[in-house]
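Right, one structure below, let's go through it.
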């Protein structure tokens, strides 16, 4: 048995719909990742009962921060990729490559990185997005 949850948010425009969808999905995954890591760390230390309140407060704050950060990155990527698709009039791997590169550069620039780091992150973002696009089209 598989569990599936579909959430539809209609913002009135496909660009906004895709961006919000990316934000929600990746933000939720990131928040769950933090919850799993923090739970493991607490159980590993064996201090769960004594630090319960502190653990919950710290974990919730970290979940929100990480979820918002990665959700925003995903929303930017999806929005940029959609915009490029509309400009080019095609849906292919090149949109993913440019979207990943622009997103990598933007995230790096916002974090006040040096020019070399911004370029490296743009290349990395483009490469990861292109690889993900190719992998999504593989059939088993």
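Residue 117: more than 23 Å from residue 18 (Cα to Cα) and outside the structural domain of residue 27 (by TED's automatic domain parsing), yes or no?
Working: more than 23 Å from residue 18 (Cα to Cα): yes; outside the structural domain of residue 27 (by TED's automatic domain parsing): yes.
So residue 117 fits the description; yes.
Each row is one residue, and each column tells you yes or no for (1) within 21 Å of residue 27 (Cα to Cα); (2) under 16 Å from the mean Cα position of the chain (by Cα); (3) in a loop (DSSP other than H, G, I, E, B); (4) at pLDDT 95 or above.
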residue: 103; (1), (2), (3), (4): yes, yes, no, yes
residue: 116; (1), (2), (3), (4): no, no, no, no
residue: 128; (1), (2), (3), (4): yes, yes, no, no
residue: 139; (1), (2), (3), (4): no, no, yes, no
task = Using the structure shown, decide if residue 98 is under 15 Å from the mean Cα position of the chain (by Cα), under 25 Å from residue 11 (Cα atoms) and assigned to a helix (DSSP H, G or I).
result = no
inquiry  = Being closer than 17 Å to residue 84 by Cβ and without any contact (Cβ under 8 Å) to a residue 40 or more places away in the chain is the filter here; which residues of segment 17-41 pass it?
reply    = 17
request  = Being surrounded by 14 or more Cβ atoms within 10 Å (Cβ to Cβ) and at pLDDT below 85 narrows it down to one of 55, 51, so name that one.
outcome  = 55
query = Only one of (1) at pLDDT below 90; (2) out of contact with any helix residue (DSSP H, G or I) (no Cβ under 7 Å at 6 or more places or on another chain); (3) assigned to a helix (DSSP H, G or I) is not met by residue 112, so which one is it?
reply = (3)
message = If residue 135 meets every condition in (1) in the same structural domain as residue 29 (by TED's automatic domain parsing); (2) out of contact with any helix residue (DSSP H, G or I) (no Cβ under 8 Å at 6 or more places or on another chain) apart from one, which number is that one?
response = (1)
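Looking at 103, 124, which is the one that is under 21 Å from residue 21 (Cβ atoms) and touching a helix residue (DSSP H, G or I) at 6+ places or on another chain (Cβ under 6 Å)?
Details: 124 fails: under 21 Å from residue 21 (Cβ atoms).
From the options 103, 124, the qualifying one is 103.
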task = Please name all residue pairs, on different chains or six or more residues apart, with Cβ atoms under 6 Å, provided the first residue is in segment 97-114 and is over 12 Å from residue 130 (Cβ atoms) and assigned by TED's automatic domain parsing to the domain that holds residue 74 and the second residue is modelled with pLDDT under 90 and assigned to a helix (DSSP H, G or I).
result = none
inquiry  = Among the residues of segment 64-75, are any over 15 Å from residue 99 (Cβ atoms) and either in contact (Cβ under 8 Å) with a residue 60 or more places away in the chain or loosely packed, with under 13 Cβ neighbours inside 10 Å (or both)?
reply    = no
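The values are calculated or read from the model by the stated rules, or taken from the named source; none is laboratory data. The model shown is predicted, which means the values in this text are computed figures rather than measured ones. Cβ sites come from the backbone with ideal geometry, for glycine too, and all protein chains shown count toward neighbours.
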